[in-house]
Amino acid sequence: MVAKEMTERQMEYLEKAREAAVAFAERLGHAPKSYVETFGCQMNARDSEKLRGILLSAGFTDTEEESEADLVLYNTCTVRDNADQHVYGRLGRLGGNRKNHPERIVGLCGCLMQEPHAVEKIKKSYPFVNLVFGTHNLYAFPELLFRALTEPKRVFAIETKTTVLPESLPVARKHGFKSGVNIMYGCDNFCTYCIVPYVRGREVSREPEDILAEIEHLAADGVKEIMLLGQNVNSYGKGLALPATFAGLLRRVCRVEGIERVRFMTSHPKDLSDDLIIAMAEEEKLCPHLHLPVQSGSDRLLKKMNRHYDRAHYLGLVEKIRAAVPAISLTTDIIVGFPGETEEDFGDTLSLIREVGFDSAFTFIYSKRTGTPAAGYPDQVPDEVAHARFDRLLEAVKAGAEERCGRFAGQEMDILVEEENRQQGYVTGRTPHNIVVHLPGSKEDIGQIVRARLTDPRGFYYFAERVMNSKCTVDSKSIAFCHSEEQRDEESRQL
Ligand code: 5AD
Ligand code: SF4
């Protein structure tokens, strides 16, 4: 069945789910409430917006209180073992409370549900879970919801590969002013530690026209900032009928009127092209932030991880990107305790951190994932060694990040305000470099881009004061940062 027919069929199921939700409301004696919780990455967060969109369209109301929900749905992650354990822990609590909610629908979806051993465990040990579906079945959620509402038996739907992309389904965005947009699904890289290629399947790129139509629609709906999402966005375009590259797509996205900031995640160092670096320098709307996971500073480990680059290649990329976009903010992912990691390998990671000067890093202790090659490597690192290295890693990352973050002190920046701050009279937003800034403001500022001077660096974030009628025109990608008028006058006096 072709994708378009499948989507139409799902819209019909959505109508049927609406009728079934009315009957559900009658059984409950009140309008049904749904609670969706996301575990894991931004891809899952975006999937959850689609799940919520469908639930709202079917007549559910959203609740933030799990205890009062008539439908609880966990969108799971399995990238590390603690993500799995978190879900099982939460299920245990839900099971304990189930007598208070005899009619409640409990659903599980996402990456963990692509693991056969997890599905077996749910079947056997969690009988109150009545809806389970995998990452490749998201497009069919209206149908699965209808079945969960009408069938007495448990519904399990797990496909092993992507056959239909979840296009044209309703979406309930978390934020009005910013949105993630999937440009591709899956991963073909098979890093030896990583479960993602097994649970998310092979890489499939969306058609550029579908992506652009979605972004135009979002812009018309008030969205200012777009985050293009994929496991390896740099290889976007593989397998499409007409050739397309990620750099080309980015340039087209930057042309969409109303969109003011464009971000993307995640880049793989082996596929980062010169064209992309040039686009980052030239396109004003492309934010000066690059998340470029390095994973390790040791060539020996990078090889064992199947990363297809070495330390010198990574450092070469950093040099190129800094030459093109001097003020770029660079962030990364790092794993410690990968099988066979010696003190010398770890030393290479620490020295790479110092050499690059990351603005921030996500740090992880290696977690053994059944089915991946690294799980079978004989030389697993003892827990206590990995934990001790993790603490040292964190110190190194923190020290470097504090130093880097401080470099913007005194500069004027555009801040996209995201939320009210707990401190009354303050709001919180982000610079184009993705640095968090607290500044005076009120809830009317949410979703607005306001000019502020970063007066007070606090390690990883800033306090700022608002700037009215700024005359500053220097862009955020240049190292010649824009100073306030008084500062410029002062500097010119000194010269
Ligand atoms: N153990 C620890 N960290 C992992 N990551 C992926 N798989 C594992 C694993 N088995 C980390 C990588 C990746 C990030 C999303 O999660 O650093 O870039
Ligand atoms: Fe996992 Fe590597 Fe794919 Fe990233 S690129 S999702 S780390 S296999």
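For the stretch 9-59, state the average projected area of the convex hull of the C-alpha atoms over all orientations, rounded to one decimal in nm². Mind dumping the intermediate values first?
Values: hull surface 15.5 nm².
Quarter of the Cα hull surface area: 3.9 nm².
Counting only other residues whose beta carbon sits under 15 Å from that of ARG9, what net charge do I get with K and R as +1, D and E as -1? Mind dumping the intermediate values first?
Numbers: positive: LYS4, LYS16, ARG147; negative: GLU5, GLU8, GLU12, GLU15, GLU143, GLU167.
Here the count lands on -3.
Enumerate the helices in the chain for which the Kyte-Doolittle hydropathy averages 0.0 or more and the C-alpha atoms extend at least 15 Å along the helix's axis, using complete DSSP H runs. Show your work: numbers first, answer last.
Details: long enough: 3-28 (36 Å, -0.72); 42-57 (23 Å, -0.58); 81-96 (23 Å, -0.97); 208-220 (18 Å, 0.25); 311-324 (20 Å, 0.03); 343-356 (20 Å, -0.34); 383-405 (32 Å, -0.51).
Helices meeting the span and hydropathy rule in the chain are 208-220, 311-324.
Short version: ³J(HN,Hα) in whole Hz for each residue of the stretch 332-342, in order, from phi by Karplus 6.51 cos²θ - 1.76 cosθ + 1.60 (θ = phi - 60°), x for Gly and Pro, what are they?
8, 10, 9, 10, 10, x, 4, x, x, 5, 9
Direction-averaged shadow area of the convex hull around the Cα atoms of the stretch 385-475, nm²? Write down the numbers at each step before the final one.
Values: hull surface 28.1 nm².
So the Cα hull casts an average projection of 7.0 nm².
Would you calculate the convex hull of the Cα atoms in the stretch 165-213 and tell me its volume per residue in Å³?
Numbers: hull volume 5.6 nm³, N = 49.
With only Cα atoms used, the stretch 165-213 gives 115 Å³ per residue.
What value in Å³ per residue do you get for the convex hull of the alpha-carbon atoms in the stretch 278-428? Write out the running numbers ahead of the final one.
Working: hull volume 24.8 nm³, N = 151.
Each residue corresponds to 164 Å³ of Cα convex hull volume.
Which whole-number percent of Cα pairs in the stretch 3-157 have a distance greater than 19 Å?
Cα-Cα pairs in the stretch 3-157 separated by more than 19 Å: 50 percent.
Looking at the stretch 109-235, I'd like the Rg to Rh ratio, where Rg is from alpha-carbon atoms and Rh is Kirkwood's inverse mean 1/r. It would help to have the intermediate numbers written out before the result.
Working: Rg = 16.6 Å, Rh = 16.4 Å.
Rg/Rh for the stretch 109-235 comes to 1.01.
So how long is each side of the chain along the principal axes, counting just the alpha-carbon atoms, biggest first, in Å?
Sorted largest first, the three principal extents are 80, 57, 49 Å.
Rounded to the nearest 0.05, what FRET efficiency is calculated for THR160 and LEU242 with R0 set to 25 Å and r the Cβ-Cβ distance? It would help to have the intermediate numbers written out before the result.
Details: r = 28 Å, r/R0 = 1.12.
So, using R0 = 25 Å, E works out to roughly 0.35.
Listed here are the pairs LYS161/LYS368; LYS4/LYS50; LYS99/LYS368; LYS270/LYS304; LYS16/LYS124; which of them are more than 26 Å apart at the Cα?
Numbers: LYS161/LYS368 23 Å; LYS4/LYS50 17 Å; LYS99/LYS368 36 Å; LYS270/LYS304 15 Å; LYS16/LYS124 30 Å.
Over 26 Å apart, Cα to Cα: LYS99/LYS368; LYS16/LYS124.
Could you go through the stretch 433-449 in sequence order and give the Karplus-derived ³J(HN,Hα) for each residue, using 6.51 cos²θ - 1.76 cosθ + 1.60 with θ = phi - 60°, rounded to whole Hz, and x for Gly and Pro?
7, 6, 8, 6, 9, 9, 8, x, x, 9, 5, 5, 7, 4, x, 9, 9
Using Cα centres only, tell me the gap between the stretch 242-283 and the stretch 1-34 in whole Å.
So the separation of the two Cα centres works out to 38 Å.
Bear in mind that the values in this text are calculations on the coordinates, not laboratory data. It should be emphasised that the depicted structure is a prediction, and the values quoted were computed from it without experimental measurement. Glycine gets a Cβ as well: all are built from the backbone with ideal geometry, and neighbour counts include every protein chain shown.
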